[in-house]
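Peer 1: Sharing a structure below in structure tokens format, with a few things to ask.
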Amino acid sequence: MRYLSTRGGVEPVGFAEAVMMGLGTDGGLLVPERIPTLSADTLTGWSQLSFQPLAVEILTLFVGDSIPRADLVGLVERSYSTFFHPEVTPLAEHGDRQWLELFHGPTAAFKDVALQLLGHVFEYLLAREGGVLRIVGATSGDTGSAAIYGVRGKAGIEIFILHPKGRVSPIQERQMTTVLDANVHNIAVQGTFDDAQRIVKTLFNDLPFKQQYRLGAVNSINLARILAQTIYYFYAWGRISGGDLRRRVSFSVPTGNFGDVFAGWLAKRMGLPIDRLIVATNRNAILSRFVETGVYRAGEVYHTLSPAMDIQLASNFERYLYYLLDEDPAAVRALLAEMEQTGQLQVDGERQRRVAEDFDARAVSDAETLAEIRRVYRTSGYLLCPHTAVGACAAADTTDAVVLATAHPAKFDAAVVKAIGIAPPPPPPLQGLLERETRCVELPAEAEAVSRFMRETLDTSAREHP
Ligand SMILES: *Cc1c(COP(=O)(O)O)cnc(C)c1O
């Protein structure tokens, strides 16, 4: 399998190169040359597999001969051995609804499903092909800890994560700073999340620095993350249908960067019998507005009770746009130019109909989110994180839709307390966090200070491990 850019400016590359590239060198996103389609027999056969063997089968379609099967089996085994549930992503039934629990990984949110695998794939490819990777990123909470857990202790990788000092929740801060592995560097910036993000941008724009130190991003646009996220759609369908192809399943997906729901769309294109895919957003409703109107227009970012979805421009949207425009990179470039010039893009009526066939959408307010946490708790005793509650509320009229439970409620306990007055008990990965030793440097909100710290750290580690 080879990979192309949505903007048409990358020579086709293999899986290994595509994963290491992350963002396409032309600024586009990498997509498979062809989406594989599965026969009825294959789908029925796979419906009996447990998570890890199923992951190997799905990934093999995309990895091709880039990674020998025996090695892929090992990577998958190691990646999901850190999960606290034997089924990795189990389905749970509470109050007449099925919940796909994606929060049993080491940071208690669904990003672990992809980032645990990505960390192992990076380490494997670096060991095989030589080289080092220095990951730099800014986080407002969720992605930083999942990325740190993905690469902690991995050979050939150093990770620098900037967070705004005192502005992430105490749990999220501790999840990052209690990781003491030598290759993990937490930086508390004396400023806001926007300051932290601006610093990271400045570092990446300093090309000599970027090239000398081989900086890479940890972002939600890496192709491997999307592929890993298709696995649990197949897994959930298998458990529900028992392999009966007439049984179509709907999913409601709490959405921010459009990664998770795009993975569901990809699974459907591969032939998985999915009925409806619901794009569930909070008040930051750019994607639900697009599904309803065909117009994609960014506005200001609102802070909500579901902060991991407080996003305006969704970084994975361009992948969907590429398929909507019949895999025509020139058309993608034209629409993106329109967006650049006018602040919005619009698809024609016929394409808008196709969007409506692909997705349902609904934007959910904070008040509705709290009411949903309360309702589900009162009727079934099940506790939802605010992101999951957005998904459930958006699926109010689709009672048989499986809701993706994207984080453990204890990770966002303030919202849960606000809804029902009770704090959820922490799951194993969140226990004892506040008592553990921490390591973090505090720096002024200046790119210069951060790059100096990075140079010193990397030069020292190069002397010690030449
Ligand atoms: C990242 C995240 C989301 C949004 O997922 P996207 O792939 O960005 O659409 C939803 N819920 C939680 C808890 C998250 O961390």
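Nothing in this text is a laboratory measurement; each read-out follows from the coordinates by a stated rule. Nothing here was measured: the structure is a model prediction, and the numbers come from that model. Here Cβ is always computed from backbone atoms with ideal geometry, including for glycine, and neighbour counts include all displayed protein chains.
Peer 1: In region 397-438, how many are within 26 Å of F251 (Cβ to Cβ) and surrounded by fewer than 13 Cβ atoms within 10 Å (Cβ to Cβ)?
Peer 2: 2
Peer 1: Just the residues that are hydroxyl-bearing (S, T, Y), in contact with a Lys or Arg (Cβ under 9 Å, 6 or more places away or on another chain) and under 24 Å from G137 (Cα atoms), please, taken from region 4-39.
Peer 2: Result: T6, single match.
Peer 1: A follow-up question, please. With region 148-236 as the region, which helices (runs of 4 or more DSSP H) entirely inside it contain at least 1 residues that are within 14 Å of the ligand (Cβ to nearest atom) and surrounded by 23 or more Cβ atoms within 10 Å (Cβ to Cβ)?
Peer 2: By residue number, 170-177.
Peer 1: Turning to a different aspect of this structure: How many residues does region 240-275 contain that are part of a helix (DSSP H, G or I) and among the charged types (D, E, K, R)?
Peer 2: Count: 3.
Peer 1: Moving on. Among the residues of region 108-120, is there at least one that is away from the ligand (no atom under 16 Å from the Cβ) and touching a residue at least 60 places away in the same chain (Cβ under 8 Å)?
Peer 2: No, region 108-120 has no match at all.
Peer 1: Let me ask something else. Give me a count of the residues in region 118-134 that are surrounded by fewer than 20 Cβ atoms within 10 Å (Cβ to Cβ) and acidic (D, E).
Peer 2: Adding up the residues that qualify gives 1.
Peer 1: Return the residues of region 245-267 that are away from the ligand (no atom under 16 Å from the Cβ) and in contact (Cβ under 8 Å) with a residue 60 or more places away in the chain; say none if nothing qualifies.
Peer 2: L245, V249, S250
Peer 1: Same structure again: So, of the residues in region 431-466 that are within 30 Å of H104 (Cα to Cα), hydrophobic (A, V, I, L, M, F, W, C) and assigned to a helix (DSSP H, G or I), which turns out to be nearest to the chain's Cα centre (by Cα)?
Peer 2: L433
Peer 1: Can you name every residue in region 237-260 that is in contact with a strand residue (DSSP E or B) (Cβ under 8 Å, 6 or more places away or on another chain) and surrounded by fewer than 24 Cβ atoms within 10 Å (Cβ to Cβ)?
Peer 2: Once the filter is applied, which keeps residues that are in contact with a strand residue (DSSP E or B) (Cβ under 8 Å, 6 or more places away or on another chain) and surrounded by fewer than 24 Cβ atoms within 10 Å (Cβ to Cβ), region 237-260 yields R239, I240, S241, R248, V249, S250.
Peer 1: Let me ask something additional. Of the residues A280, A298, which is more than 23 Å from T37 (Cβ to Cβ), within 12 Å of the ligand (Cβ to nearest atom) and among the aliphatic types (A, V, I, L, M)?
Peer 2: Of A280, A298, the one residue that is more than 23 Å from T37 (Cβ to Cβ), within 12 Å of the ligand (Cβ to nearest atom) and among the aliphatic types (A, V, I, L, M) is A280.
Peer 1: Let me ask another. Kindly list, by first and then second residue, each pair from a residue in region 302-313 that is at positive phi and near the ligand (Cβ under 7 Å from one of its atoms) to a residue that is part of a helix (DSSP H, G or I) and not β-branched (V, I, T), limited to pairs with Cβ atoms under 9 Å and residues at least 6 apart or on different chains.
Peer 2: As it stands, the answer is none, since no pair meets every condition given.
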